[in-house]
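Have a look at the structure below before the remarks.
The values are calculated or read from the model by the stated rules, or taken from the named source; none is laboratory data. Just so it is clear, the model here is predicted, and its values are computed rather than measured. Cβ sites come from the backbone with ideal geometry, for glycine too, and all protein chains shown count toward neighbours. SASA here: full protein model, heavy atoms, side chains in, ligands and nucleic acids out. Shrake-Rupley method; radii C 1.70, N 1.55, O 1.52, S 1.80 Å.
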Amino acid sequence: MNYSNLNNKTIVLICARGGSKGIKDKNLLKIKKKSLLAITIDKIKKLKFKNICLSTDSRKIMLEAKKSGVKCFFKRSKKLSGPDISKLNVWKDSIKRSEFYFKKKFTFMLDIDVSNPLADHNDLKKFTELFVKKYKNCDGMFCASKSWKNPYFNILEKKNNRFIISKSNKKIISRQKAPLTFDHIAAFYFFKVKYIYKTNFLFNGKLEKYDLPFWKSIDIDDKDDYEMVKKLAQ
C-alpha cells in the first residue's frame, strides 16, 4: 500500500477535551510559544494527512484549531467529556461522525495525542512507515518503551501495611531475571477501524509496537510534567 492510498483511507483524530484535573487548559499550554494543540496539528500537516477530525467540548480549543487551519465539525457530547471516559469510546464516536461528515468509510484510524509534544513529526513519519509494513498482520500499533521500572522486581504495592512486589515471584531475585516489560506511551495510535468498532479493550487484539526513547515518553498530566517537557524541548 502506498502513502497516497493510506492517506485516503485514514481518518486522523485529535481528541482534546476542555477540562483537565491536573492542569487547567492543558491542551492549550505553550511550548516554545506554540500551543500543544498547534504542535499536534503541525505534525499532521507535515505528513500531509488530509482527513482530520477534532473531537472537543471546548470552544477555546475549537478557535485555537481554526488558527492552524483545522475546522471542528461537531462538539463532543457532555457524556463523552468527563475525566473517567475511555478514549476508545471517544474514538468510536469520532469515527462515526467523521464518516458521516466526509461521506465515506475509513479503513484506518490514526490518533495523535495532544499531551505528548516531544514525539515529533519525524517520529510520526517512522511510525506511519512501520504501520504500512505491519498492518496486514495486526489490528493496530501503539508506542512503547522498555519499562523504566519492572513490576516483577521493583514496582511495589501496599497491602495491609506491607509493601510487596507488584507481580510477586519469589524465583526472581534480580532485574535481569525478570520478564521484559514495556511502558505504553500516549503518543500515536494507528488502528483498523473495524477493530476499533468491535473491541471493548484496546489491547485485546494482535498489536505491534513502535519504540520511542524514554525521554519522549512523557505526556503532560500536571505542572511538574509541563516544566520537565519545557526543559527537554529546549
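Remarks
- Those residues of the range 141-159 which are in contact with a helix residue (DSSP H, G or I) (Cβ under 6 Å, 6 or more places away or on another chain) and in a strand (DSSP E or B), in sequence order: MET141, SER145
- Given (1) in contact with a His (Cβ under 7 Å, 6 or more places away or on another chain); (2) open to solvent by 30 Å² or more (accessible area, probe 1.4 Å); (3) of a type in the set (Lys, Arg), number of the condition LYS24 does not satisfy: (1)
- Test: residue in the range 103-116 that is of a type in the set (Asp, Glu) and more than 21 Å from LYS87 (Cα to Cα): no
- For PHE131: the one exception among (1) under 25 Å from the mean Cα position of the chain (by Cα); (2) of a type outside the set (Asp, Glu); (3) modelled with pLDDT of 90 or more; (4) open to solvent by 50 Å² or more (accessible area, probe 1.4 Å): (4)
- Tally of residues being in a loop (DSSP other than H, G, I, E, B), in contact with a helix residue (DSSP H, G or I) (Cβ under 6 Å, 6 or more places away or on another chain) and surrounded by fewer than 18 Cβ atoms within 10 Å (Cβ to Cβ) across the range 182-219: 1
- Of the residues LYS33, LYS105, LYS66, the single one that is within 28 Å of LYS125 (Cβ to Cβ), surrounded by fewer than 13 Cβ atoms within 10 Å (Cβ to Cβ) and modelled with pLDDT under 95 is LYS33.
- Selected residue (criterion: nearest to VAL12 (Cα to Cα)) from residues of the range 134-155 that are modelled with pLDDT under 90 and open to solvent by 40 Å² or more (accessible area, probe 1.4 Å): TRP148
- Residue count, the range 59-98 (criterion: touching a Lys or Arg at 6+ places or on another chain (Cβ under 7 Å) and either free of Cβ contacts under 8 Å to residues at least 24 places away in the same chain or more than 24 Å from LYS194 (Cα to Cα) (or both)): 1
- Residue check, PHE142 without any contact (Cβ under 8 Å) to a residue 60 or more places away in the chain and among the aromatic types (Phe, Trp, Tyr): no
- The residues of the range 220-233 that are open to solvent by 60 Å² or more (accessible area, probe 1.4 Å) and either without any contact (Cβ under 8 Å) to a residue 40 or more places away in the chain or of a type in the set (A, V, I, L, M) (or both), listed by number, are ASP224, GLU227, MET228, LYS231, LEU232.
- Check on LYS177, within 16 Å of TYR3 (Cα to Cα) and more than 18 Å from the chain's Cα centre (by Cα): no
Here's the yes/no breakdown for (1) under 30 Å from LEU6 (Cα atoms); (2) outside any loop (DSSP other than H, G, I, E, B); (3) touching a His at 6+ places or on another chain (Cβ under 6 Å); (4) modelled with pLDDT under 95:
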{"position": "LYS126", "(1), (2), (3), (4)": "yes, yes, no, no"}
{"position": "ASN169", "(1), (2), (3), (4)": "no, no, no, yes"}
{"position": "VAL229", "(1), (2), (3), (4)": "no, yes, no, no"}
{"position": "LEU232", "(1), (2), (3), (4)": "no, yes, no, yes"}
